[in-house]
Amino acid sequence: MKSDSRRAIAAALIANLGIAVAKFIGYFFTGAASMLAEAIHSLADTSNQGLLFMGGALSRRRPTRQRPFGYGRERYFWAFMVAVVIFTIGALFALFEGIGKIAHPHQLESPGWAVGILVLAAALESWSFRTAIRESNRERRGQSWRAFVLQAKIPELPVVLLEDLGALIGLLCALIGVGLTLITGDARFDALGSIAIGVLLGAIAILLAIRMKSLLIGESATAETEGAIEQAIEADAAVGRLIHLRTEHIGPDVLLVAAKVEFQPGMTGESIAAAIDALEVTLRAAVPIARLIFIEPDVYHAQPAAGGGPAGRTTPSA
């Protein structure tokens, strides 16, 4: 796990742990449903950072006979588990608490505690969010925030970003709920704040689960990375043609590359083997995360594609 991911996770863990303690104190004094929902939310977020740290540690284990490609996908699995925790502990609890308080309204006690703690929590959460934004900017490389969250191969940064954003919006919902309850005297506004937090967390959890599922199943490298691989292969003097290329992320920092290549005519088996070794060195220099490289020598056979056009590069030869 890169240091930028660890810094973002550490900031989120410290902030969420402090926020969770403060919110539980606030709930003890106020009895606010939205405050309890927010406290559980922060507690879940704290455990989530622990899961992300654990995934990073497990992913660094050395390959074994049973796992010859290593454990890089541990980071994707534990990030997926974060989405499950957010949904089961955060979203469902907030919804249950809010619905219960609508059925049985409970008047706020010591509302000053609630407002003060929510403001403190917003300050801590803003610090965590700022850290996540700063570290993510080092990885975005000109991408929009939407594209970064939906396409990043590093799972921890999008998870922390969405967690922190959800937490800030949830705090706003809690403040609005508590504020309207104080203004109107109707405790159901506090309960509605809790329900709003539950819906928000559920949406974030579903988005993260879909994204992490895609990474767990396996995703190819970005178009930019595949372009760099293609360019490196085609620039090699021993290569006559790149027939097709396949890539897949085994982990955020480990890319599997499989290429079928036609070498120059007249090359012997020994010279082709030497050319493959040299090509692997070139590819790793061009794309450092390309740690697993498999190059198969072959002869190109033109095959008509659908519609009668020429065969595409991704069409394997017979």
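Read-outs: derived from the displayed coordinates by stated rules, not from any lab. These numbers were taken from a predicted model, which means no experiment stands behind them. FYI the Cβ positions are ideal-geometry reconstructions off the backbone, even for glycines, and counts take in every protein chain you see.
Key figures
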read-out: Scan of region 249-285 for residues that are part of a loop (DSSP other than H, G, I, E, B) and either at negative phi or in contact with a Phe, Trp or Tyr (Cβ under 9 Å, 6 or more places away or on another chain) (or both), ordered by number; value: Pro252, Asp253, Gln264, Pro265, Met267, Thr268
read-out: Some residue of region 249-265 being more than 33 Å from the chain's Cα centre (by Cα) and surrounded by 19 or more Cβ atoms within 10 Å (Cβ to Cβ); value: yes
read-out: Selection status of Gly90, surrounded by 22 or more Cβ atoms within 10 Å (Cβ to Cβ) and more than 23 Å from Gly50 (Cβ to Cβ); value: no
read-out: Any hit, region 98-116, residues being loosely packed, with under 15 Cβ neighbours inside 10 Å and of a type in the set (Lys, Arg); value: no
read-out: Residues of region 128-154 classified as touching a residue at least 60 places away in the same chain (Cβ under 8 Å), surrounded by 15 or more Cβ atoms within 10 Å (Cβ to Cβ) and polar (S, T, N, Q), total; value: 3
read-out: Any chance Leu215 is over 30 Å from Met35 (Cα atoms), surrounded by 14 or more Cβ atoms within 10 Å (Cβ to Cβ) and in contact with a Lys or Arg (Cβ under 8 Å, 6 or more places away or on another chain); value: yes
read-out: Flag for Gly198 being under 20 Å from Val82 (Cα atoms) and part of a helix (DSSP H, G or I); value: yes
read-out: Among the residues listed as Tyr71, Tyr76, the single one being in contact (Cβ under 8 Å) with a residue 24 or more places away in the chain and assigned to a loop (DSSP other than H, G, I, E, B); value: Tyr71
read-out: Some residue of region 22-31 being within 26 Å of the chain's Cα centre (by Cα), crowded, with 23+ Cβ neighbours inside 10 Å, of a type in the set (Gly, Ala, Ser) and outside any loop (DSSP other than H, G, I, E, B); value: no
read-out: Qualifying residue in region 67-87 (condition: surrounded by fewer than 19 Cβ atoms within 10 Å (Cβ to Cβ) and hydroxyl-bearing (Ser, Thr, Tyr)); value: no
read-out: Lone unmet requirement of (1) surrounded by 17 or more Cβ atoms within 10 Å (Cβ to Cβ); (2) closer than 30 Å to Gly55 by Cβ; (3) not charged (D, E, K, R) for Gly227; value: (1)
read-out: Tally, over region 217-242, of residues that are within 29 Å of the chain's Cα centre (by Cα), outside any helix (DSSP H, G or I) and not β-branched (Val, Ile, Thr); value: 4
read-out: Given (1) assigned to a helix (DSSP H, G or I); (2) within 9 Å of the chain's Cα centre (by Cα), number of the condition Ile133 does not satisfy; value: (2)
